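The values are calculated or read from the model by the stated rules, or taken from the named source; none is laboratory data. The structure presented is a predicted model; accordingly, all values stated were derived computationally and were not measured. Cβ atoms come from the backbone with ideal geometry, glycine included; neighbour counts cover every protein chain shown. SASA here: full protein model, heavy atoms, side chains in, ligands and nucleic acids out. Shrake-Rupley method; radii C 1.70, N 1.55, O 1.52, S 1.80 Å.
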Amino acid sequence: MDPPHEDPRVNGDHGNNSRHVPKKPKLSSFITVSDIQEEFAHHQQGVARINNGSFGSCPASVIAAQRRWQLRFLQQPDDFFFNHLQNGIILSRTLIKNLINADFVEEVSMVDNATTASAIVLQHIGRGFAEGRFQKGDVVVMLHCAFQAVKKSIEAYVTRAGGSVIEVQLPFPINSNDEIIAEFRKGLVKGKANGRKVRLAIIDHITSMPCVVIPVGELVKICREEGVDHVFVDAAHAIGSVHVDVKEIGADFYVSNLHKWFFCPPSVAFLYCRKTHISSNLHHPVVSNEYGNGLAIESAWIGTRDYSSQLIVPSVLDFVNRFEGGIEGIRKRNHDAVVEMGKMLAKAWETNLGSPPDMCPGMIMVGLPASLGILSDFDALKLRTHLRDHFSVEVPIHYQAPKDGEVGATDVYGCITGYARISHQVYNTVDDYLKFRDAINQLVHGGFTCQMLPGK
């Protein structure tokens, strides 16, 4: 797993684990290239998998540890339930609490994914409207590129109860945090118009498509200055991809998936809820016999199911601590590598990057040649499928519609309307990105356009 700049081609079981302490290797025992290859040998061979951002990746040692937890339940369910499950989840919550610099373990709940966490927060806000604590027409402010599941949760819980929504339109390509801050301030002004109150601001830590790191700390501070009731940071991509310090960020709620960039098996996430007077009013949407005992306890038992992914955090920490610098070392190397690969692709295609490198996590947006004719979201999906089926390249494609009167980024063929979101994780090699480069070059030189692909 040589660093990209060293490749010249670029230029053209935890059983009773209540006292588990993650192992830190000696300098001489850091993970090797062959170890990494073995950990991810279950990945489909021959595929340039440069889309870690969507579903993450889980090493073999963690899969094996998960299997041991599953077998423990299947072998003696009562012993597992009464003697191991809750202690194991508390350990995972404690380790996450330390990773994100939370004050209390009670502030950390383990949930399935960021979608579940959004439902928890948004049903709480929805009850505020339904019970008359908020006025009809009061506002939720969010970024326009928020996850679709978040938008649907707002529809399900908030707008049907009388709330309004303001979507902050962010520019793309983007050049600086100042552009984000300016547009966010406009959104708050619009939300507070006509005497309305902003009851919740939803801020992505890392937007998904297009991918940009958002200055969450600054936006949370602005929310406090402007009297926003609550701030929810949707950080689905964050932990393992950017540094996370929930006290420094200052939000009321913060969620991050653990299966995207933290090597957990799907699916598991943590939801941090800052300890305040409203904490006792947060509830899991699946009601069990633990209802009313606090969100963390409610979330730790929602009926008979597979809880192994919530119990695996100690094993994941063992894995990441085999790397020099642990998770922070992995994060930095992924960032540096994906920036270098993004620059290599943009140079090869004579296009552009979607944002400056310091606004990228372990993913980066790279402009695709305009000659490909990406003219709609459907075209982007068709091209993605074509790359998978015919070139064994797995990468998301984003369609960026040009704004009226604006030309935007261009190449020799015209306006760039398609961007690839490439990811870098520890299993990736330079060959993955060269394969993608060559696939696009082949399509361009062959006169391909998206309009040549079937309509269905």
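Report the percentage of all Cα-Cα pairs in region 77-198 whose separation exceeds 17 Å, rounded to a whole percent. Percentage above 17 Å: 69. 3J(HN,Hα) couplings calculated from phi for region 334-346 with the Karplus curve 6.51 cos²θ - 1.76 cosθ + 1.60 (θ = phi - 60°) are, in sequence order, 4, 4, 4, 5, 5, 5, 4, 5, x, 5, 4, 5, 4 Hz; Gly and Pro show x. Here region 71-318 is treated as a Stokes sphere of Kirkwood radius computed over C-alpha pairs; at 37 °C and 0.692 mPa s its diffusion coefficient rounds to 177 µm²/s. Length gained on full extension, A401 to V33: 128.4 nm, using 0.36 nm per residue less the C-alpha separation.
How many percent of the accessible area of the chain is carbon or sulfur, using a 1.4 Å probe?
51 percent
Taking every DSSP bridge with both residues inside region 231-389, close to 60 percent are antiparallel. Evaluated on the chain, the Kirkwood hydrodynamic radius is 23.3 Å, with distances taken between all distinct Cα atoms.
Peptides 243-255, 220-232, ordered by how many other C-beta atoms sit within 10 Å of their residues on average, highest first, read 243-255, 220-232.
For the chain, the share of DSSP beta bridges that are antiparallel, to the nearest 5, is 50%. Label sites at F55 and E179, each approximated as a point 7 angstrom past Cα along Cα to Cβ, lie 3.2 nm apart.
Sorting 362-369, 317-324 by average packing, meaning the other beta carbons within 10 Å per residue, from highest down gives 362-369, 317-324. Legend: calculated FRET efficiency, Y413 to N289, from the Cβ-Cβ distance at R0 = 45 Å, rounded to 0.05, equals 0.15.
The alpha carbons of region 326-452 occupy a box of 45, 35, 23 Å along the principal axes, longest dimension given first.
For trypsin sites (Lys or Arg not before Pro), no site in region 27-72 is both called loop by DSSP and has at most 11 other Cβ atoms within 10 Å.
Solvent exposure of the chain amounts to 43 Å² per residue of accessible area, where only protein heavy atoms count and the probe is 1.4 Å. Applying 1/(1 + (r/R0)^6) with r as the Cβ-Cβ distance of L453 and K247 and R0 = 51 angstrom yields a FRET efficiency of 0.55.
Under the simplified labelling scheme, the A41-I63 pair shows an inter-label distance of 1.1 nm, with each label point 7 Å from Cα along Cα→Cβ. One decimal place: the segment K332-K186 gains 49.2 nm when fully extended, by the rule 0.36 nm per residue minus the C-alpha distance. Of all DSSP bridge pairs formed entirely within region 71-318, close to 40 percent run antiparallel.
Of the whole protein surface, W349 contributes about 10 Å² of accessible area at a 1.4 Å probe radius. Placing dummy labels 7 Å off each Cα toward the beta-carbon, the span from D79 to K152 is 4.1 nm.
The figure for K97 is an accessible area of roughly 50 square angstrom, using a 1.4 Å probe on the protein chains alone.
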